[in-house]
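Structure first, then comments.
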Amino acid sequence: MLENWVVVPTCLPAVLRRCHACGSGLFRANGKFRVNANHKLIDVWLLVLCTRCGDTAKLTILERVNVRSVRPALLTRLHENDLGLAAELLQDPAVLRRNHVALDWEGAWRLDTDSLCHGDFRDVSVRFEARIPLRPVRLIAEGCGLSRGEVERLIEEGKVVSAVRLRGKVSGDFTFTLKR
């Protein structure tokens, strides 16, 4: 029997970056953009707010780009502060690298399952709707209603098998088999 599990983002992830005002290391994006045009060139930033003091920081999206090279649909989404666009851009590795930030997905996702793992044998397909780095052990434990220690023990005994490495983090689709 094949079960389908889906990892779904519930909100925008926190941005890990040091605040210049208070020294906190956590920011929240609210989907607001700042667009600044100077003659033929445009700059775009995604605004993030410090979770402790509320200070605003800017994540560079576009820098000194010719306005004509920006698609009109993208420009409209930027001006409308499209939350979906903010989510897309926060998951873009190039944006994260350019701004020297990382994401914290803690509390920003949920696991949708068909049902809890009951029975002796299960094939499970796990699909990610966003690039959320998670440990497969944590997903299996949450989806089956087990402790992480129990899942680790099942992996050691060969009762949980997968083509992907179950010990590290994954952010892409994978399947596993649970034998009890």
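The values are calculated or read from the model by the stated rules, or taken from the named source; none is laboratory data. What you are looking at is a predicted structure, and each value in this text was computed from that prediction instead of being measured. Reconstructed Cβ throughout: ideal geometry from the backbone, glycine too, with neighbour counts over all protein chains shown. With ligands, DNA and RNA removed, areas are computed over all heavy atoms of the protein, side chains included. Shrake-Rupley method; radii C 1.70, N 1.55, O 1.52, S 1.80 Å.
In the set 6, 101, only one residue is among the hydrophobic types (A, V, I, L, M, F, W, C), modelled with pLDDT of 95 or more and touching an Asp or Glu at 6+ places or on another chain (Cβ under 8 Å); that residue is 6. Residue count for the range 146-163 satisfying the condition of being open to solvent by less than 80 Å² (accessible area, probe 1.4 Å) and over 21 Å from residue 105 (Cα atoms): 12.
Candidates are the residues of the range 54-79 that are touching a helix residue (DSSP H, G or I) at 6+ places or on another chain (Cβ under 8 Å) and under 15 Å from residue 99 (Cβ atoms); the one that is least open to solvent (accessible area, probe 1.4 Å) is 59. The number of residues in the range 4-53 being out of contact with any Lys or Arg (no Cβ under 7 Å at 6 or more places or on another chain), open to solvent by less than 40 Å² (accessible area, probe 1.4 Å), small (Gly, Ala, Ser) and more than 30 Å from residue 126 (Cβ to Cβ) comes to 1. Of 114, 82, all but one fail to be surrounded by fewer than 16 Cβ atoms within 10 Å (Cβ to Cβ) and in contact (Cβ under 8 Å) with a residue 40 or more places away in the chain; the exception is 114. Pairs meeting the criteria (first residue in the range 135-160 and within 20 Å of residue 173 (Cα to Cα), second residue assigned to a helix (DSSP H, G or I) and charged (D, E, K, R), beta carbons under 6 Å, at least 6 apart or on different chains) are 137/148; 141/148.
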